[in-house]
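The block underneath contains the structure these notes are about, expressed in structure tokens.
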Amino acid sequence: MSGALNIATRALNTNLAALQVIGNNIANVNTDGYSRQNVLLQSSGYQEFGNGFFGKGVEIATVTRSHSAYLTREAILSQSVASADGLRLSKLRQMEDLFPTGEAGLGSAMNSMLNAWADVAAAPSNLTARVVVLARADELAARLRNTASQLDQQKQGAVLQAEGTVTTVNRLAQDLASVNQRIIETQGSANTPNDLFDQRDQLLSELNKYIQTSNVPGQDGTVSVFVGGSQPLVLGRNANQLAVTSDPIDPARKGLSFVQSGVTTPLSDNTLGGGELAGLMTFLNQDLPDMQNQLGRMALALATTVNQQHRLGVDLNGVAGTDFFVPPSAATGLPAPTNTGSATAQVRVNDPAALRASDYELRVNATGVDVIRLSDGLSTSMGPLPVTLDGLTFELPSGAVAPGDRFVFQPYASAARNISLSLAAPDQLAAASPVLVTPGLGNASGMSVERLSAVSPSASLTNPVTISFQADGTYTVVDPVAGTSSSGNAYTAGQPINVNGWSLTLRGSPTAGDSFEVAGAPAGSTRQNAGNAGAILALREQPTFEGVPLADGYTSLFSSLGTKVQSARFAADFTAQVATSAESARAGVSGVNLDEEAARLLQFQQSYQAAAKFLQIAQSTFDTLLQTVGR
């Protein structure tokens, strides 16, 4: 009879425990990281009587959790990648807001400034037209400075966000080490600490939102976490740290470092994989510098190109032109801490039309230097300094280099940040050309002068030069001052004729005997002369940004940014879908289904009631037996 009571009691307790587990599942239906738990039942064995073997009831073997290590890992990794792409997209969208189109954009301001020269070219003595040019130029410079300042602020915000994220990562690593310690303390138990394992997996999931990890499970149930490929962030019960550090050559460049026992090891951005920190580092060290370089290149090319042409003109007072914008200073190279030479290196603009939006690294070797364009990694071997590449001249103003020395150059870093107008008065605009052209008196009416302007400084610029056309359509150039002449030159309508630093463009068909004389502009002609204003106006069509005209420089910049945003949006949408799918698959195994739990609740409730009824019957039978025997 005691056997029946024991069977009923075990059944009652077992079904009560099952109801408790089901209730716990229902209570945690909305708990992040919770895995559905299940009671694993087993027979309590048997006992032998003379007429057979009789079972001893049911008991709980253990409480398991519904968990797939593979699906959990896939969900964590996909979420990590999605976090990186999503954060980078949000940063790029913020950057996109700094580069509006339409009248509020830099392109409109640049074209307004260049187009304002048209009124000066039409009426060179009109002071109002000259004031408009200065006002448009000052507005453009202000917009460039403001945009550069906004980019700087965005960088500062991203650095602060990275530092805050690193603090969170270090806290999660310490929490994970603490959970590992608690898991170790459960060793020796025959059962699995399900809630600790859920807590461990949830910490791993949260950690991977910030930085992608690789995990190695231990035999004691703990997990070791590695970042950056092989750096041990968590080893069992011990946690190390990450830190945001500055580049040893360029302190403004930030990166992640691994800190263990006081030793700091830089982590390459390429090894981070996923997580918000990976997205932040990609934005900070790739996207943001690229746009700063493109903005700086636009400012530097504009200022240098306009200054070069403006210096070739003559102002309203007959004085040679000066710089229109404050001339950008040469960028000083950042030396590596390991340099042994005493050199100070710098880079200056040589050809504004050949500039590439990139930083550069210069490495000194035994025979010369290797110049590396950091935007695409292209390395060019060259002789000793000074050397010229991509419209830039790298030189040594002082000291000497030694083999192994390295320098990082950022030629565009401060160009937009520091651009400003150099002129203060409208009469300082060098709108006049220092040379004028006079058609021959006997010329036929088949040719006309389209443009004449100085294009480069030359000691022979104002020498009187005669251009004479022959019967075969060729022309002869004679400079009596220099004592030079050339004949048989082929003529093509609309193609410039360049002599002594000036450029003359003619239209039409020549007749034998047609001639043109180019000589220095006479004193007092500057109020009616607008040759240099026309030359500056013509800069709009000059190929400057890798073949793109100067006036379309902003279009090139904005297209590059738009491509980045579009690519980032596609990546973020795709990885978000993958992460959602992976999480759904994980939740399908580990998540709590209320309908299923309700069915199991009824199942074990009925089992519990049946066990209670069985216990009641067994107790009643036992009482009846006692009463009968006691008589």
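The values are calculated or read from the model by the stated rules, or taken from the named source; none is laboratory data. These numbers come from a predicted model, not from an experiment. When we count neighbours, we look across all protein chains shown, and the Cβ atoms used for this are built from the backbone with ideal geometry, even at glycine.
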Output yes when any residue across the range 523-534 is hydroxyl-bearing (Ser, Thr, Tyr) and free of Cβ contacts under 8 Å to residues at least 12 places away in the same chain, and no when none is. no
Residues located in the range 183-194, provided they are of a type outside the set (Val, Ile, Thr), buried (at least 16 other Cβ atoms within 10 Å of the Cβ) and part of a helix (DSSP H, G or I): ASN194
Yes or no: ASP269 surrounded by fewer than 21 Cβ atoms within 10 Å (Cβ to Cβ) and under 30 Å from ASN115 (Cα atoms)? no
Being within 26 Å of the chain's Cα centre (by Cα) and without any contact (Cβ under 8 Å) to a residue 12 or more places away in the chain is the filter; apply it to the range 538-548 and report the residue that is surrounded by the most Cβ atoms within 10 Å (Cβ to Cβ). VAL548
Determine whether the range 375-396 contains at least one residue that is among the hydroxyl-bearing types (Ser, Thr, Tyr), within 12 Å of GLN410 (Cα to Cα) and surrounded by fewer than 19 Cβ atoms within 10 Å (Cβ to Cβ). yes
Out of everything in the range 556-582 that is of a type outside the set (A, V, I, L, M, F, W, C), farther than 12 Å from ALA82 by Cα and surrounded by 18 or more Cβ atoms within 10 Å (Cβ to Cβ), what residue ends up being modelled with the lowest pLDDT? SER556
Can we say THR624 is assigned to a helix (DSSP H, G or I), exposed (fewer than 14 other Cβ atoms within 10 Å of the Cβ) and not assigned by TED's automatic domain parsing to the domain that holds ALA141? yes
Give the residues of the range 482-502 that are farther than 24 Å from ALA118 by Cα, among the aliphatic types (A, V, I, L, M) and surrounded by fewer than 15 Cβ atoms within 10 Å (Cβ to Cβ), sorted by residue number. ALA482, ALA490
All positions within the range 362-374 that are crowded, with 19+ Cβ neighbours inside 10 Å and touching a residue at least 24 places away in the same chain (Cβ under 8 Å): LEU362, VAL364, VAL369
Name the strands (runs of 3 or more DSSP E) wholly inside the range 382-465 in which the number of residues that are touching a Phe, Trp or Tyr at 6+ places or on another chain (Cβ under 9 Å), more than 30 Å from ALA320 (Cβ to Cβ) and aliphatic (A, V, I, L, M) is 2 or more. 387-389
Select from the range 588-613 the residues that are surrounded by 14 or more Cβ atoms within 10 Å (Cβ to Cβ) and small (Gly, Ala, Ser) and list them in ascending order. SER590, GLY591, SER607, ALA610, ALA611, ALA612
Quick one: count up the residues across the range 25-47 that are within 27 Å of GLN79 (Cα to Cα) and either outside any strand (DSSP E or B) or at pLDDT below 80 (or both). 12
Could you give me the residue pairs with C-beta distances under 8 Å whose first residue belongs to the range 401-417 and is without any contact (Cβ under 8 Å) to a residue 40 or more places away in the chain, whose second residue is surrounded by fewer than 19 Cβ atoms within 10 Å (Cβ to Cβ) wherever it lies, and which are 6+ apart or on separate chains? PRO403/ASN365; PRO403/ALA366
Consider VAL179 carefully, then state whether it is surrounded by 17 or more Cβ atoms within 10 Å (Cβ to Cβ) and without any contact (Cβ under 8 Å) to a residue 40 or more places away in the chain. yes
How many residues does the range 359-368 contain that are within 14 Å of GLY333 (Cα to Cα) and touching a strand residue (DSSP E or B) at 6+ places or on another chain (Cβ under 7 Å)? 5
Name the residue that is farthest from the chain's Cα centre (by Cα), counting only residues in the range 360-377 that are polar (S, T, N, Q) and either in the same structural domain as THR304 (by TED's automatic domain parsing) or over 19 Å from GLN286 (Cβ atoms) (or both). THR367
Could we say that ILE211 is touching a Gly at 6+ places or on another chain (Cβ under 7 Å) and in contact (Cβ under 8 Å) with a residue 60 or more places away in the chain here? yes
Residue count, the range 237-247, condition under 22 Å from GLN153 (Cα atoms) and in contact (Cβ under 8 Å) with a residue 12 or more places away in the chain, comes to 3
Quick one: what pairs do we get from the range 252-280, first residue without any contact (Cβ under 8 Å) to a residue 60 or more places away in the chain, second part of a loop (DSSP other than H, G, I, E, B) and buried (at least 23 other Cβ atoms within 10 Å of the Cβ), C-beta under 6 Å, 6+ apart or different chains? LEU267/GLY228; THR271/GLY228
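Table: residues versus (1) more than 26 Å from ALA116 (Cα to Cα); (2) in contact (Cβ under 8 Å) with a residue 12 or more places away in the chain; (3) over 51 Å from the mean Cα position of the chain (by Cα).
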| residue | (1), (2), (3) |
| --- | --- |
| PRO480 | yes, yes, yes |
| LEU504 | no, yes, no |
| GLY508 | yes, yes, yes |
| ALA521 | no, yes, yes |
Output the number of the condition that ALA357 fails; it satisfies all remaining conditions of (1) outside the structural domain of ASP85 (by TED's automatic domain parsing); (2) part of a helix (DSSP H, G or I). (2)
Residue identified as more than 30 Å from ALA416 (Cβ to Cβ) and modelled with pLDDT under 90 among ASN126, ASN51: ASN51
Output the number of the condition that LEU144 fails; it satisfies all remaining conditions of (1) over 22 Å from the mean Cα position of the chain (by Cα); (2) assigned to a helix (DSSP H, G or I). (1)
